[in-house]
Amino acid sequence: MIEILSRSHDNILGIKATGKVTAEDYETVIIPKLDSLLAEHDRCKFMYYLSSEFEGFELGAMWDDAKYAGGHIDKFDKVALVGGPKWIEWSTKISSLFIKAEVKTFPLEQLDEAWNWLEG
């Protein structure tokens, strides 16, 4: 399940993932919100907050994520990943080599620090 975080504003979008993230979450929440944001702003900043209740991604969600990121490779200024298992942190760091955005990972307890970094 995906929830838009209330601290999102202007060209900054933060989402919170709980349970299993599905392709439907991408197709009905994440992608429309990012498309709307990018229609108003040339570039954006994005936070993916994987809460302690996060259980993983369905294969379709991972495909939608990769497809969207690949098609918008130059549209992100900063990407913050907060929480999640080590394999997601590692894959995020590897993915950062292929996008133009600054990418930074934060432990679960540093949500405020992640927001401050995005807003800076």
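Before moving on, here are some points about what is shown:
- Filter result for the condition that a residue is more than 14 Å from the chain's Cα centre (by Cα), without any contact (Cβ under 8 Å) to a residue 12 or more places away in the chain and farther than 19 Å from residue 120 by Cβ, over 52, 36: 36
- Residue check, residue 105 out of contact with any His (no Cβ under 8 Å at 6 or more places or on another chain), among the β-branched types (Val, Ile, Thr) and either free of Cβ contacts under 8 Å to residues at least 24 places away in the same chain or more than 15 Å from residue 15 (Cα to Cα) (or both): no
- Selection of the stretch 9-50 for residues being touching a strand residue (DSSP E or B) at 6+ places or on another chain (Cβ under 7 Å) and on the phi > 0 side of the Ramachandran plot yields only 19.
- Applying the criterion of being in contact with a Lys or Arg (Cβ under 6 Å, 6 or more places away or on another chain) and of a type in the set (Ser, Thr, Tyr) to the residues of the stretch 1-55, the residue that is surrounded by the fewest Cβ atoms within 10 Å (Cβ to Cβ) is 51.
- From the list 22, 92, 105, 18, the one residue that fits, being touching an Asp or Glu at 6+ places or on another chain (Cβ under 7 Å), over 13 Å from residue 2 (Cβ atoms) and of a type in the set (Val, Ile, Thr), is 105.
- The residue that is farthest from residue 113 (Cα to Cα), counting only those in the stretch 39-55 that are of a type in the set (A, V, I, L, M, F, W, C) and in a strand (DSSP E or B), is 54.
- Top-ranked residue in the stretch 1-15 [being of a type in the set (A, V, I, L, M) and in contact with an Asp or Glu (Cβ under 9 Å, 6 or more places away or on another chain); ranked as farthest from residue 112 (Cα to Cα)]: 1
- Selection from the stretch 56-84 of residues that are on the phi < 0 side of the Ramachandran plot and assigned to a strand (DSSP E or B): 57, 76, 77, 78, 79, 80, 81, 82
- Residue within the stretch 65-83 that is among the β-branched types (Val, Ile, Thr), crowded, with 17+ Cβ neighbours inside 10 Å and more than 21 Å from residue 8 (Cα to Cα) present: no
- Taken as a whole, the stretch 85-93 holds no residue that is without any contact (Cβ under 8 Å) to a residue 60 or more places away in the chain and under 12 Å from residue 12 (Cα atoms).
Read the figures in this text as sums done on the coordinates, not as results from a lab. Small disclaimer: the values here were computed from a predicted structure and weren't measured. Positions of Cβ are generated from backbone atoms using ideal geometry, with glycine treated the same way; all protein chains shown enter the neighbour counts.
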